[in-house]
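K.L.:
This is the structure, below, for whatever I ask next.
The values are calculated or read from the model by the stated rules, or taken from the named source; none is laboratory data. Because the structure is predicted, anything quoted here is derived from the model rather than measured. FYI the Cβ positions are ideal-geometry reconstructions off the backbone, even for glycines, and counts take in every protein chain you see.
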Amino acid sequence: MIQRQKVEKSIKSIILAGGSGTRLWPLSREQYPKQFLKLGKTSLFQDTVLRCLKLSAISEIFVVTNEAQKFFVSGQVEELGLDVPGENILIEPLGKNTLPAICFGMHEIKKRFGKCSAAVFPSDHVLDMKAMEKIKRAEVLCSKYLVTFGITPSAPNTGYGYIKPGKNLDIGSKVLEFREKPTSEAAKKYILENCLWNSGMFMLDTGVFFKELKKYAPDIMAAFTENDMKIEELYDELPSISIDYGIMEKSDKVAVVPLEYKWSDLGDFDSLFQETQKNEHGNASYNCDDIPLNSNGNLIYSKKDKIVSLIDVKDMVVVDTPDALLVCPRKSCQKVKEIVASLKSENNEKAFFHRTVYRPWGSYTTMEESQRSKIKNITVMPGKKLSLQLHNHRSEHWVVVRGMAWINVDGKEFYLRQGESTFIKAGIKHRLSNPGTIPLEIIEVQLGDYVGEDDIERFEDDFGRG
């Protein structure tokens, strides 16, 4: 009882973990957005979870995401050795911008904990852990204000919105004005006026938040509080709107707390370059061996042990993945989203997936593919099990490369060890699992009239997929 009282007095946290994977393509994809990328030991999402633990118990951290990414959320939290309750992963049926997502989280928190405060964080930001202490202290403003956090600018920047502080408060200021992303000249002017970058982070009291929501977005308030619709039906009725447009820019009860700490929203490859430690050549290099000649100021990403040599090249982005190559000036990297839009208009799967695709049970990498065949390297984590399934248009041949596999084919159960194989005909129910303590690795060869990922019927699944 004492522990419960202590926990319920702490600040709750909401992590916004949607995203479309457009701005860091081809590193990120729609089904693998930037917050889940691991450019170091941990992803941006995992870093956000660790920061939230400075404010909240793991049972008080809520993640708003979508169906496609919920298993990244649970899997990456599990990698940290943490156990976020399944009911704390809130699934949006449609992306409707930040106001509906934050309402979803605040509504769930109010239902479970009553009146309390919650901090809201995007999952794809870089932020110094030291900032969490000041964010925590900002809770004193929550009983009267919607609190947002402004970043002290390091230079004029046209990629961020700005906040102009007004009357001084105990820890921050009342907000005088929100300003949109400016021109270069306007950005210089805003800095001279002591404006702050708009970080998209908030501290909200449930009482103040829903009072202001009812005043300025009554349709959204009604959708969450005045009916018993399923979440899918509820989201069909909601507008797509940001919290800034929906409430913050209209309310006279908004305060801003400045954060004088390292921060970036990693909005493009140029911001990734700025945040990355440079090597002796002045380049930001990931994975590969950078051997340049008269080349500096470049962001270079390629595969491990691959030599990348740039000659007389400056301020460029070179991103080399197994299925895509991006080369552009750093100053033009905002245009990457236009490439992604073009790929999506053609329904090109390279806008949506990497060659390595992560699943709740592990991952698979497509090694070779033709119209009638596909070869995959499949990894199943210890204790994990794929669904009981069948394919109508393809057969499969499995060869165990490492570990031990438990296999069910048409009701017959057996084990396969390294070097052993089995064959599954089209139309036959089958299931694969890893009963061992090390990852199971198999090579899967698919043959048939159609080898698309949507040729699957699931009958039983540990992860609730249909």
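K.L.:
Take the residues in the stretch 305-335 that are touching an Asp or Glu at 6+ places or on another chain (Cβ under 7 Å) and buried (at least 17 other Cβ atoms within 10 Å of the Cβ), then tell me which one is farthest from Ser295 (Cα to Cα).
P.N.:
Going through the qualifying residues, I end up with Cys333.
K.L.:
Check the stretch 395-417 and report whether any residue there is touching a Leu at 6+ places or on another chain (Cβ under 7 Å) and closer than 25 Å to Gly86 by Cα.
P.N.:
There is no residue in the stretch 395-417 that is touching a Leu at 6+ places or on another chain (Cβ under 7 Å) and closer than 25 Å to Gly86 by Cα.
K.L.:
Please specify each residue of the stretch 448-466 satisfying the condition of being exposed (fewer than 15 other Cβ atoms within 10 Å of the Cβ) and among the hydrophobic types (A, V, I, L, M, F, W, C).
P.N.:
Within the stretch 448-466, Ile456, Phe459 qualify.
K.L.:
If I ask for residues that are part of a loop (DSSP other than H, G, I, E, B), on the phi < 0 side of the Ramachandran plot and over 23 Å from the mean Cα position of the chain (by Cα), which ones from the stretch 313-326 would you list? If you could, list the steps in order and put the result at the bottom.
P.N.:
Residues of the stretch 313-326 that are part of a loop (DSSP other than H, G, I, E, B), as a first pass: 313, 315, 322-323.
With on the phi < 0 side of the Ramachandran plot added as a condition, the list becomes 313, 322-323.
Answer for the stretch 313-326, where residues must be part of a loop (DSSP other than H, G, I, E, B), on the phi < 0 side of the Ramachandran plot and over 23 Å from the mean Cα position of the chain (by Cα): just Val313.
K.L.:
Go through the stretch 6-60 and give me each residue that's farther than 21 Å from Lys130 by Cβ, free of Cβ contacts under 8 Å to residues at least 12 places away in the same chain, charged (D, E, K, R) and not in a helix (DSSP H, G or I).
P.N.:
Listed by number, the residues that qualify are Lys9, Lys38.
K.L.:
Can you find, within the stretch 61-73, the residue that is farthest from Gln35 (Cα to Cα) among those that are part of a helix (DSSP H, G or I) and either among the polar types (S, T, N, Q) or free of Cβ contacts under 8 Å to residues at least 60 places away in the same chain (or both)? Let's see the steps before the verdict.
P.N.:
Taking the stretch 61-73 as the starting set, the residues that turn out to be part of a helix (DSSP H, G or I) are 67-73.
When the remaining residues are screened for being either among the polar types (S, T, N, Q) or free of Cβ contacts under 8 Å to residues at least 60 places away in the same chain (or both), the result is 67-70, 73.
On the way: Glu67: 16, Ala68: 14, Gln69: 11, Lys70: 13, Val73: 10 Å.
This residue is Glu67.
K.L.:
Within the stretch 265-299, can you find the residues that are farther than 19 Å from Lys337 by Cα and of a type in the set (A, V, I, L, M)?
P.N.:
Pass one, the stretch 265-299, residues farther than 19 Å from Lys337 by Cα: 274-298.
Passing the criteria: Ala284, Ile291, Leu293.
K.L.:
Of the residues that sit in the stretch 139-185 and are in contact with a Gly (Cβ under 7 Å, 6 or more places away or on another chain) and in contact (Cβ under 8 Å) with a residue 40 or more places away in the chain, which one is surrounded by the fewest Cβ atoms within 10 Å (Cβ to Cβ)?
P.N.:
Step one: filter the stretch 139-185 for residues in contact with a Gly (Cβ under 7 Å, 6 or more places away or on another chain), giving 141, 159, 163, 173-176, 178-181.
Checking which are in contact (Cβ under 8 Å) with a residue 40 or more places away in the chain leaves us with 141, 159, 163, 173-175, 178.
On the way: Leu141: 23, Gly159: 14, Ile163: 27, Ser173: 19, Lys174: 16, Val175: 26, Phe178: 19.
Here the residue is Gly159.
K.L.:
Criterion first (at pLDDT 95 or above and closer than 18 Å to Arg359 by Cα) does Glu441 satisfy it? Outline the logic, then answer.
P.N.:
On the way: at pLDDT 95 or above: yes; closer than 18 Å to Arg359 by Cα: yes.
Considered against the rule, which asks whether it is at pLDDT 95 or above and closer than 18 Å to Arg359 by Cα, Glu441 comes out as yes.
K.L.:
Something else: In the list Lys70, Lys54, Lys38, which residue meets the criterion of being surrounded by fewer than 23 Cβ atoms within 10 Å (Cβ to Cβ), farther than 30 Å from Val327 by Cβ, at pLDDT below 90 and assigned by TED's automatic domain parsing to the domain that holds Val140? Spell out the reasoning first.
P.N.:
On the way: Lys54 fails: at pLDDT below 90; Lys38 fails: farther than 30 Å from Val327 by Cβ.
On inspection, the qualifying residue turns out to be Lys70.
K.L.:
Right, another one. If Asn377 satisfies all but one of (1) of a type in the set (S, T, N, Q); (2) within 29 Å of Glu78 (Cβ to Cβ); (3) crowded, with 17+ Cβ neighbours inside 10 Å, what's the number of the condition it fails?
P.N.:
Single failed check for Asn377: (3).
K.L.:
For the stretch 136-170, how many residues meet the condition of being touching an Asp or Glu at 6+ places or on another chain (Cβ under 9 Å), hydroxyl-bearing (Ser, Thr, Tyr) and not in a strand (DSSP E or B)?
P.N.:
Adding up the residues that qualify gives 4.
K.L.:
If you go through the stretch 41-51, how many residues are of a type in the set (A, V, I, L, M) and modelled with pLDDT of 95 or more?
P.N.:
2
K.L.:
List the residue pairs whose Cβ atoms are under 7 Å apart, where the first residue sits in the stretch 239-261 and is under 13 Å from Leu99 (Cα atoms), the second is in a strand (DSSP E or B) and among the β-branched types (Val, Ile, Thr), and the two are 6 or more positions apart or on different chains.
P.N.:
What qualifies is Met248/Thr148; Met248/Val254.
K.L.:
Then there's this: Among residues belonging to the stretch 179-232 that are among the β-branched types (Val, Ile, Thr) and in a helix (DSSP H, G or I), point out the one that is farthest from the chain's Cα centre (by Cα).
P.N.:
Step one: of the stretch 179-232, the residues among the β-branched types (Val, Ile, Thr) are 183, 191, 206, 208, 220, 225, 231.
Then drop every residue that is not in a helix (DSSP H, G or I), which leaves 191, 206, 208, 220, 225, 231.
Working: Ile191: 30, Thr206: 25, Val208: 28, Ile220: 24, Thr225: 28, Ile231: 21 Å.
Checking each candidate, the answer is Ile191.
Conditions tested, residue by residue: (1) in the same structural domain as Thr148 (by TED's automatic domain parsing); (2) modelled with pLDDT under 90.
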| residue | (1), (2) |
| --- | --- |
| Gly246 | yes, no |
| Val254 | yes, no |
| Pro258 | yes, no |
| Asn279 | no, no |
| Tyr286 | no, yes |
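K.L.:
Would you confirm whether any residue within the stretch 224-236 is closer than 19 Å to Lys253 by Cα, in contact with a Phe, Trp or Tyr (Cβ under 8 Å, 6 or more places away or on another chain) and of a type in the set (A, V, I, L, M)?
P.N.:
Narrowing the stretch 224-236 to residues closer than 19 Å to Lys253 by Cα: none.
Checked the stretch 224-236: no residue is closer than 19 Å to Lys253 by Cα, in contact with a Phe, Trp or Tyr (Cβ under 8 Å, 6 or more places away or on another chain) and of a type in the set (A, V, I, L, M).
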